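Student: This structure is in structure tokens; I'll ask about it shortly.
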Amino acid sequence: MVIKSENMQHTDVFNIIGNTPLIKLQSLSNDHISYFAKLENYNPYGSVKDRAAYWMITDAENKGILKKNHSIIIEPTSGNTGIALAGIAKLLGYGIEIVIPEKASDETKNIIKSLGAKIYETTDDLCPKVGSGTDQSIALATSIASSRPQIYYSPNQYSNEANFFGHYTGTGPEIWKQTNGKITHFFTGVGTGGTITGVSTFLKEKNPKIKIIAVQPQLNHLIQGLRNFEESAKPELFLKREKVIDDWITITNEEAFCEVKTILNNDNVLVSPSSATVYAAMKKYEFQDSINENYAVGIFADDGRKFKSIYVNQDVFTSSEFDAALLKSKHMPKINYI
Ligand SMILES: Cc1ncc(COP(=O)(O)O)c(C=O)c1O
């Protein structure tokens with residue numbers, strides 16, 4: 001799971017993206033419902049967005065848009081896509097510039113910089129806003145890209161079909177196989193909508209009865225990577241296949257942060273705010289009694305490592321409690337932040 005050299009071949013990168021583990025959340029499971037977490041922090045750059053980044057870069061290469069040691073990739077992102085694009089671009093020989101809301105955690109921004117990316121900060125909310133007139137990060141990335149189109153390329157994860165296909169051909173089939181086709185409920189948060197539409201389109205083709213539950217944080221939330229759709233317009237990629245969603249659950253900051261400690265104490269995993277949000281939704285969801293064997297799968301998009309400053313600010317942990325949690329946590333694979 002470790003990328004060793006900058007000379008690594010394309011196929012080597014591909015081989016270590018995806019195929020992430022699915023773990024059973026023993027403490028939450030009971031006779032009628034088995035709960036599982038898909039641990040996306042096992043991707044080489046630590047999150048679910050490695051999939052979208054890899055697929056969008058490969059797609060642009062196949063279309064002849066990107067040229068090694070010449071092209072610069074520029075993208076608006078709340079963090080994980082920036083980390084993934086920066087890591088993969090560095091490995092494959094492309095320049096990289098990231099437009100990011102200033103409220104993203106300092107750790108996230110430092111990781112992106114350490115991977116060699118130039119950063120532009122905007123005053124957008126935690127996630128780049130979508131929709132003309134409100135979107136600073138997207139507008140800035142687009143205007144820089146269009147100023148020198150022969151050099152710059154913006155994948156635009158908010159409308160790029162390759163983002164959808166990464167999950168339709170990867171994450172979805174993995175979950176189906178890992179649950180032996182027994183999955184009954186799928187839970188995930190929504191950023192661009194790539195994960196929820198890609199995974200759910202695949203799962204519904206296999207079994208239309210599978211329930212898809214979209215998880216959103218409260219208004220004015222502190223959950224990096226996720227959107228609340230009362231305050232943020234829906235991205236084009238999400239709108240295209242929005243009908244796959246059966247239910248929505250909204251989780252408050254407090255509900256999510258409270259679960260960070262629960263998951264650590266019960267399952268020995270130090271999760272990110274967005275994973276705690278998904279966990280809280282799985283716990284809150286009212287399963288129908290008529291189904292005896294429920295298999296609920298939630299996406300844990302990344303882990304807690306880069307959220308120390310947020311957890312300390314929100315009084316989830318003191319600084320030393322966070323360090324102890326990190327030592328105690330299982331499922332912390334080495335991530336390639338060089
Ligand atoms: C931190 C984080 N990033 C990204 C995503 C999913 O994003 P997208 O909708 O862009 O696939 C999630 C979803 O749970 C998330 O928690």
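Student: Based on this model, can you work out whether I251 counts as closer than 25 Å to Y311 by Cβ and without any contact (Cβ under 8 Å) to a residue 40 or more places away in the chain?
Tutor: When the stated conditions are applied, I251 passes them.
Student: Among all residue pairs at least 6 apart or on different chains, which show Cβ distances below 7 Å where the first residue, located in region 221-241, is over 13 Å from I196 (Cβ atoms) and in the same structural domain as P273 (by TED's automatic domain parsing) and the second is within 12 Å of the ligand (Cβ to nearest atom) and aromatic (F, W, Y)?
Tutor: Cβ pairs passing all conditions: E236/Y158.
Student: Which condition breaks for S34 when tested against (1) more than 20 Å from the chain's Cα centre (by Cα); (2) part of a loop (DSSP other than H, G, I, E, B)?
Tutor: S34 satisfies all of (1) more than 20 Å from the chain's Cα centre (by Cα); (2) part of a loop (DSSP other than H, G, I, E, B) except (2).
Student: Collect the residues in region 267-293 that are surrounded by 14 or more Cβ atoms within 10 Å (Cβ to Cβ), out of contact with any Asp or Glu (no Cβ under 7 Å at 6 or more places or on another chain) and not hydroxyl-bearing (S, T, Y), keeping them in residue-number order.
Tutor: D267, V269, P273, V278, A281, M282, K283, F287, I291
Student: Looking at G46, G82, which is the one that is assigned to a helix (DSSP H, G or I) and within 16 Å of the ligand (Cβ to nearest atom)? Can you show your working first?
Tutor: Details: G46 fails: assigned to a helix (DSSP H, G or I).
Residue meeting the stated conditions: G82.
Student: Going by what's in this entry, would I249 be described as touching a strand residue (DSSP E or B) at 6+ places or on another chain (Cβ under 7 Å), away from the ligand (no atom under 12 Å from the Cβ) and on the phi < 0 side of the Ramachandran plot? Reasoning before the result, please.
Tutor: Details: touching a strand residue (DSSP E or B) at 6+ places or on another chain (Cβ under 7 Å): yes; away from the ligand (no atom under 12 Å from the Cβ): yes; on the phi < 0 side of the Ramachandran plot: yes.
When the stated conditions are applied, I249 passes them.
Student: While we're here: Going by the conditions given, is K306 within 11 Å of the ligand (Cβ to nearest atom) and assigned by TED's automatic domain parsing to the domain that holds T197? Steps first, please.
Tutor: On the way: within 11 Å of the ligand (Cβ to nearest atom): yes; assigned by TED's automatic domain parsing to the domain that holds T197: yes.
For K306, the condition - within 11 Å of the ligand (Cβ to nearest atom) and assigned by TED's automatic domain parsing to the domain that holds T197 - is met.
Student: Can you tell me which of A301, A280, A296, A324 is within 16 Å of the ligand (Cβ to nearest atom), assigned by TED's automatic domain parsing to the domain that holds P217 and out of contact with any strand residue (DSSP E or B) (no Cβ under 6 Å at 6 or more places or on another chain)? Give the steps one after another, and end with the answer.
Tutor: Values: A280 fails: out of contact with any strand residue (DSSP E or B) (no Cβ under 6 Å at 6 or more places or on another chain); A296 fails: out of contact with any strand residue (DSSP E or B) (no Cβ under 6 Å at 6 or more places or on another chain); A324 fails: within 16 Å of the ligand (Cβ to nearest atom).
Matching residue, one of A301, A280, A296, A324: A301.
Student: Shifting gears a bit: If a residue counts only when it is under 24 Å from R51 (Cβ atoms), which helices (runs of 4 or more DSSP H) contained entirely in region 221-325 have at least 2 such residues? Spell out how you get there, then give the answer.
Tutor: On the way: elements: 236-240, 253-267, 273-284, 308-313.
Those helices (runs of 4 or more DSSP H) span 236-240, 253-267, 273-284.
Student: Please pick out the residue among E161, E236, E205 that is farther than 27 Å from P21 by Cα, surrounded by fewer than 18 Cβ atoms within 10 Å (Cβ to Cβ) and among the acidic types (D, E). Before the answer, list the steps.
Tutor: On the way: E161 fails: farther than 27 Å from P21 by Cα; E205 fails: farther than 27 Å from P21 by Cα.
Sole residue among the options that is farther than 27 Å from P21 by Cα, surrounded by fewer than 18 Cβ atoms within 10 Å (Cβ to Cβ) and among the acidic types (D, E): E236.
Student: I'm trying to understand the selection: among the residues of region 143-179, which are in contact with a strand residue (DSSP E or B) (Cβ under 9 Å, 6 or more places away or on another chain) and more than 16 Å from the ligand (Cβ to nearest atom)?
Tutor: Hits for region 143-179 are I144, A145, S146, R148, I151, Y152, Y153, Q178, T179.
The values are calculated or read from the model by the stated rules, or taken from the named source; none is laboratory data. Computed from a predicted structure; not experimentally measured. Note: ideal-geometry Cβ built from the backbone for every residue, glycine included; neighbour counts use all protein chains shown.
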